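The values are calculated or read from the model by the stated rules, or taken from the named source; none is laboratory data. Since we're looking at a predicted model, the values are computed, not measured. All Cβ positions, even for glycine, are placed from backbone atoms using ideal geometry, and neighbour counts span all protein chains on display. Side chains included, ligands, DNA and RNA excluded: accessible areas come from the protein's heavy atoms. Shrake-Rupley method; radii C 1.70, N 1.55, O 1.52, S 1.80 Å.
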2 protein chains.
Amino acid sequence: MHLQLALDRMTIDTAIEVTKEVYNEIDWIEIGTSLIKEFGIESIQAMKQEFPDKILVADMKTMDNAKYECQLCFEAGADVLTVMGAAPAITVETCLNEAAKRKKQVMIDLLNVNLERLPQLLQYEEAIFCLHFSKDQQELSAPPQQHPLLFFPALEGVRIAVAGGISIDTVETVKRMNPSIVIVGSAITKAVDKKKAARELKQAILFRGDYK
Amino acid sequence: MHLQLALDRMTIDTAIEVTKEVYNEIDWIEIGTSLIKEFGIESIQAMKQEFPDKILVADMKTMDNAKYECQLCFEAGADVLTVMGAAPAITVETCLNEAAKRKKQVMIDLLNVNLERLPQLLQYEEAIFCLHFSKDQQELSAPPQQHPLLFFPALEGVRIAVAGGISIDTVETVKRMNPSIVIVGSAITKAVDKKKAARELKQAILFRGDYK
């Protein structure tokens, strides 16, 4: 299991500073949608320049214009692009093709994807599938005792990432889904001691307990 | 019917230049998703500064983080934000609330929205509904004789916008949907004589023929 640090609602300078602080505890770095929409592709370039040795995920949330968005973010240094599973099939497929051409990867964000569409998406075996309990959904409901995505249908044989309000309190239930990637934002970026928060999460992830 | 100029896959300087050229022929200006993702919120600020008297549509394609994205784009000078109809209901509703607070507007992009979800979205009477045949979908199929969205179920009593590869050749069929807003990108921005292309489209829109 990898720990992916999600950077959102901050300046590029703060993103760099936070990442430096927790660099040794995290595996992948996500340039959040909010950074991309606020500062543009420069946010990816700046992070690539500072952290050339980490996998960079550009949370592009592509819905259309897949070729152009792939070109923008991969040429800026991203290793992984996110595309919405709610986008038309041709958009998801174009992202997969554009990524493959460059030996890059695609994460398909399953936010609000219905159960009818899911099996079609799961045919893209080369993708990473992100179970995403969105920020807006988190604000709607009280903090869950267990991570709500735990009740998502089991996904067998695909690489999954899990995102959405994950903290040290919910990471154990998230682990039951056996994800390849656990995505954490505020629980690290808003912690008083960010390094400690990241280290505790990383340790919780590495210690798999009864799970395979 | 209003003509909305969509600006995509170009620099901010080119967007300003193109808009100046066709300024008198168009009604609303759309800062395309590609400009926002490439150059950030600066793209909205720059267009607002140059064109303070036109309605500015920020094609944010919001999927999450609605409050922050509304704040970003409305404070930068946007008058209308787009949110994806495929987003969770809470995200659409937060955009509507944030816009209402500021006397701004929301355009709900119906791209890939299924017919089950549509009636729920249509309850948001204050919104503009964008029938969107996306760029990736356009590239998949041969140029249509008639605009494919013509076969979308009739939407009565709501304001609609129509977008997706609209040109002087397809604008007549688009008009049959009686839209409030006709969104045109490449047919203007890639024309040799942009002013002439915009004027012809504007005239085609204004002359409603048999349609009310």
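Measuring with a 1.4 angstrom probe and ignoring ligands and nucleic acids, residue B:68 comes out at about 50 Å² accessible.
Over 19 Å between Cα atoms, which of A:20/A:135; A:103/B:135; A:135/B:61; A:61/B:67; A:67/B:194; B:104/B:194 qualify?
A:20/A:135; A:103/B:135; A:67/B:194; B:104/B:194
Quick check: with the 1.4 Å probe, what order do A:92, B:192 take by accessible area, largest first? Intermediate values should be presented prior to the final figure.
On the way: A:92 0, B:192 150 Å².
These residues rank, largest area first, as B:192, A:92.
Dividing the C-alpha radius of gyration of the range A:2-206 by 2.2 N^0.38 Å, with N its residue count, gives 0.96. Label-point distances for residue A:75 to the equivalent site in the other copies, using a point 7 angstrom along Cα→C-beta, read 3.1 nm when ranked shortest first.
Excluding same-chain neighbours fewer than eight residues apart, the aspartates and glutamates reachable from residue B:48 by a Cα-Cα span under 15 Å are B:13, B:17, B:27, B:30, B:59, B:75, B:79.
Let me know the Kirkwood hydrodynamic radius for the range A:155-207, please, with Cα pairs as the basis and the value in Å to one decimal. Kirkwood hydrodynamic radius for the range A:155-207: 11.4 Å.
Report the rotationally averaged projected area of the protein assembly as shown based on its alpha-carbon convex hull, in square nanometres. Mind showing how you got there, number by number?
Details: hull surface 80.8 nm².
Averaged projected area of the protein assembly as shown's Cα convex hull equals 20.2 nm².
Ligands, DNA and RNA left out, the 1.4 Å accessible surface of the range A:1-117 is 43% carbon and sulfur atoms.
Counting heavy atoms of the protein chains alone, residue B:95 has an accessible area of about 0 Å² for a 1.4 Å probe.
Among A:117, A:159, B:176, the order of accessible area from largest down is B:176, A:159, A:117, computed with a 1.4 Å probe on protein heavy atoms.
Starting from the label point of residue A:156 at 7 Å along Cα→Cβ, the same points in the other copies fall at 4.9 nm, in ascending order.
Return the loop-located GluC sites (Glu not before Pro) in the range B:58-145 (DSSP other than H, G, I, E, B) with at most 16 other Cβ atoms within 10 Å of their own Cβ; answer none if there are none.
Values: sites: B:69, B:75, B:93, B:98, B:116, B:125, B:126, B:139; in loops: B:116, B:125, B:126.
Those that pass, being in a loop and sparsely packed, are B:116, B:125, B:126.
Can you give me the pair-distance distribution of the range A:41-113, C-alpha pairs, 5 Å bins, whole percents? Using 5 Å bins, I get a P(r) of 3, 20, 31, 23, 15, 7, 2 for the range A:41-113. Toward the positive end of the charge dipole of the range B:18-124, with +1 on the Cβ of Lys and Arg and -1 on the Cβ of Asp and Glu, the farthest Cα among B:99, B:24, B:77 is that of B:99.
Calculate the dipole size of the range B:2-206 relative to its Cα centre from +1 charges on Lys and Arg beta carbons and -1 charges on Asp and Glu beta carbons; express the result in debye to the nearest 20.
Numbers: 22 positive and 29 negative charges, 58 e Å.
That gives the range B:2-206 a dipole magnitude of about 280 debye.
Amide H to amide H, with H built 1.01 Å from N, residue B:2 comes under 5 Å of B:181, B:182, counting only residues 5 or more places away or on other chains.
Evaluating kT/(6 pi eta Rh) at 20 °C and 1.002 mPa s, with the Kirkwood radius of the range A:1-71 over Cα pairs in the Stokes-Einstein relation, gives 173 µm² s⁻¹. Residue A:27 label point (Cα plus 7 Å toward Cβ) to equivalent points in the other copies: 5.3 nm, shortest first. Rolling a 1.4 Å probe across the protein heavy atoms gives chain B an accessible surface of 43 Å² per residue. Applying 1/(1 + (r/R0)^6) with R0 = 25 Å to the Cβ-Cβ distance of residue B:50 and residue A:49 gives a FRET efficiency near 0.20.
Ordered from largest to smallest accessible area (heavy atoms of protein chains, 1.4 Å probe), the residues A:60, A:1 come out as A:1, A:60.
In chain A, Cα pairs under 8 Å separated by at least six residues give a relative contact order of 20 percent. Between A and B, roughly 3000 Å² of accessible area is buried in total, ligands, DNA and RNA not counted and the probe set to 1.4 Å. Temperature 37 °C, viscosity 0.692 mPa s: under these conditions the Stokes-Einstein estimate for the range B:124-196, based on its Kirkwood radius over C-alpha pairs, is 253 µm² per second.
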